[in-house]
Amino acid sequence: SINITCCLSIQQARNDQTTSSGSNALNGLRVAFAAGGTGGHIYPAVAIADELKLVNPTSELLFLGRPNSMESTAIPSAHFEFKSIPAVKLVRPFFSLRNLLLPYFLIKSITKCFTLLSKFEPHLVVGTGGYVSFPVCLAALLKGIKVVIQEQNSVPGIANRFLSLFADLVFVAFNSTVQSFPRKEKCVVCGNPVRLSLKTSVSKAVSSLHFFPWLEKMEGSSEEIKVILVLGGSLGANAVNIALLNVYSQLLLEHENWFIIWQTGVESFNEMESLVRSHPRLLLAPFLHSMNMAYAAADLVVSRAGAMTCSEILATGKPSILVD
């Protein structure tokens with residue numbers, strides 16, 4: 001049996017014997033993560049997995065998510081094992097004709113999750129929200145596996161709100177979020193987990209060269225340049241992208257030492273790429289996997305005010321302009 005005592009302290013008891021050492025308690029621990037859809041759901045799971053590996057490197061971790069998706073590339077790049085499951089997406093409004101086949105796809109996805117969990121035999125399943133977590137956590141509940149969920153936002157989504165009824169614990173970032181869950185006694189307020197890679201020290205010079213290699217040949221100190229990191233969300237924040245589209249050319253023209261790293265979001269990249277003129281001091285990307293380098297290079301962050309982005313900006317201590 002596993003007794004979940006807090007966000008990063010899981011005591012594993014065998015034959016009714018408890019251990020006093022935290023590392024021994026986690027020895028041989030297997031944890032499955034249900035994370036996908038957006039970076040706001042993916043990276044909290046990665047952060048928790050980082051901490052578990054730090055506490056005990058022998059922990060076995062498995063991520064479940066959709067094929068050909070953001071998580072299918074982000075998770076392997078974070079050096080964790082990834083298995084794909086059939087996608088099940090709830091279309092708004094709920095009574096849309098496109099949801100008629102939802103029960104069929106949900107059963108299909110739960111069956112696949114059940115099979116993968118049976119092979120991996122996790123002691124615990126962690127869901128971080130989004131429709132990917134729904135079939136995984138349901139399959140875990142059917143198998144009698146302990147389930148915990150982590151809610152990053154001030155107001156939980158449909159999946160986490162429903163799963164909270166059956167989860168063993170609900171980890172939330174804000175005190176006010178507790179009021180959104182029907183079983184408040186299960187809630188633990190612990191803030192949002194931040195990836196270990198964002199806490200590593202990387203110099204501005206090194207990180208700037210990562211995005212603009214030609215700076216190495218430039219005369220003068222690279223510390224003199226000013227880097228603006230623009231985060232248009234993992235999928236795409238239209239207001240941020242359009243605003244920058246209107247001013248980026250003028251900014252680069254008026255300030256010769258300004259550089260822009262622009263994450264457009266996956267769904268907005270093609271449109272922005274077709275509208276933006278190529279410039280040596282502008283880097284356009286659909287998604288940034290090396291966010292530790294991006295934050296280290298940035299003198300200013302312009303971003304949509306997502307819960308995880310705000311937590312990461314606080315952790316890195318970067319000045320920011322946030323768009324709500």
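Testing the spin-label approximation: label points 7 Å from Cα along Cα→Cβ at Glu60 and Asp324. State their distance in nm. Here the modelled spin labels are 4.7 nm apart.
Normalised by the number of residues in the stretch 30-193, the mean separation of alpha-carbon contacts (under 8 Å, six or more apart) gives a relative contact order of 22 percent.
Straight-line cross-link partners of Lys184 among the lysines, defined as a Cα under 22 Å from its Cα and at least 8 positions apart when in the same chain: Lys146. Shape analysis of the stretch 197-322 places it in the oblate category; the axes a ≥ b ≥ c from the Cα gyration tensor give an a/c of at least 1.5, with a/b not above b/c. Sequentially through the stretch 265-277, phi angles give Karplus couplings (6.51, -1.76, 1.60; θ = phi - 60°) of x, 4, 6, 9, 4, 4, 5, 5, 5, 6, 9, 8, 7 Hz, Gly and Pro residues having no value and appearing as x. The lysines within cross-link reach of Lys226, meaning a Cα-to-Cα straight distance under 24 Å and a gap of 8 or more places when in the same chain, are Lys199, Lys204, Lys217, Lys318.
In the stretch 103-153, the portion of solvent-accessible area held by carbon and sulfur atoms comes to 65 percent [1.4 Å probe, whole percent, DNA, RNA and ligands not counted].
In loop segments of the stretch 189-295 as defined by DSSP, the trypsin sites (Lys or Arg not before Pro) with at most 14 further C-beta atoms inside 10 Å of their C-beta are Arg277. Candidate membrane-span-like segments in the chain, meaning DSSP H helices with Cα atoms spread over at least 20 Å of their own axis and a Kyte-Doolittle mean of 0.0 or above, are 39-55, 102-120, 238-254, with no membrane implied. Using just its DSSP H runs of length 4 or more, each adding -39500 (n - 2.57), the chain gives a mean residue ellipticity at 222 nm of -10500 deg cm²/dmol after division by all residues.
Of the peptides 292-304, 33-45, the ranking by mean beta-carbon count within 10 Å, highest at the top, reads 33-45, 292-304. Per residue, the accessible area of the chain comes to 49 Å² when a 1.4 Å probe rolls over the protein heavy atoms.
Modelled spin-label separation between Arg277 and Val206, with each label point placed 7 Å from Cα along the Cα-to-Cβ direction: 3.6 nm. Counting only protein heavy atoms and a probe of 1.4 Å, the accessible surface of the stretch 218-324 is 53% carbon and sulfur. Would you mind pulling out the separation of the Cα centroids of the stretch 44-88 and the stretch 259-303, in Å? Distance between centres, Cα-based: 24 Å.
The values are calculated or read from the model by the stated rules, or taken from the named source; none is laboratory data. This structure is a prediction, so every number in the text was calculated from the model and none was measured. Counting neighbours? That spans all protein chains shown, and the Cβs are built from the backbone with ideal geometry, glycine included. Ligands, DNA and RNA are excluded from the accessible area calculation, which covers all protein heavy atoms including side chains. Shrake-Rupley method; radii C 1.70, N 1.55, O 1.52, S 1.80 Å.
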